[in-house]
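What follows is one structure encoded as structure tokens, with my remarks underneath.
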Amino acid sequence: MMRIVKHGARLGRRGFLGASAAALPAAAALSGASLLAPAKLWAEEAKALKPGSVVTLIQMARDLYPHDRIPTMFYARAVLALDAAAAQDSTQRDLLEEGVLRLDADARDRFGTPYIAVPGESDRVTLLEAMTASGFFKKMRGDLIVSFYNQHDLWRYFGYEGASAEYGGYLHRGFDDIDWLPKA
């Protein structure tokens with residue numbers, strides 16, 4: 001089965017720059033609180049972790065695996081998978097809750113605010129870099145890479161169509177989809 005590539009209107013450099021310039025004031029108007037609203041909604045579904053901890057972990061997930069165009073829902077699902085595991089194992093729950101407390105304490109020491117309220121992504125990343133040797137950081141990084149990137153409905157954002165073995169492999173499904181080379 002061959003995949004058919006639809007060549008629609010392409011966004012040129014000028015169009016991109018114009019749209020970016022128009023979107024910049026709207027993006028600047030968004031406050032940190034409005035960006036956290038979806039995370040707070042997802043946090044209500046937590047079974048083992050405190051809702052505030054879930055919101056912090058969603059932001060941490062976004063800082064560990066940053067993709068600006070990926071909706072918060074996918075990060076929340078990944079963190080809720082950690083929450084489900086924590087509901088089964090109190091040791092994991094304690095590790096995550098204590099890690100959030102330490103992350104918030106480090107943020108308060110350095111910036112005078114909890115982690116979730118630190119406005120700059122680079123500042124939050126600096127806080128995370130200081131924790132790379134901790135069991136909490138290793139747990140988050142290791143578990144999130146699976147629970148985040150293994151969401152099948154997320155793959156379309158990256159252009160990944162999934163496995164092709166059942167369709168005869170990539171030779172017959174996507175191999176010849178190169179449209180940026182000149183025709184021979």
- request: Quote the FRET efficiency, to the nearest 0.05, computed for Phe158 versus Lys183 with a Förster distance R0 of 35 Å and r equal to the Cβ-Cβ distance.
  value: 0.80
message: Leaving out ligands, DNA and RNA, and with a 1.4 Å probe, what % of the accessible surface on segment 42-184 is carbon or sulfur?
response: 54 percent
message: Leaving out ligands and nucleic acids, and using a 1.4 Å probe, what accessible area per residue does segment 111-182 come to in Å²?
response: 61 Å²
- prompt: Where does each of 82-95, 54-67 land if you order them by average Cβ count within 10 Å, highest first?
  reply: 54-67, 82-95
message: Tell me the net charge near Phe74. Cut-off is 14 Å between Cβ atoms, Phe74 excluded, with +1 for each Lys or Arg and -1 for each Asp or Glu.
response: +2
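The values are calculated or read from the model by the stated rules, or taken from the named source; none is laboratory data. Fair warning: this is a prediction, and the values are worked out from it, not measured in the lab. For neighbour counting, all protein chains shown are included, and Cβ atoms are generated from backbone atoms with ideal geometry for every residue, glycine included. Note: accessible area is taken over every heavy atom of the protein model, side chains too, but ligands, DNA and RNA are not part of it. Shrake-Rupley method; radii C 1.70, N 1.55, O 1.52, S 1.80 Å.
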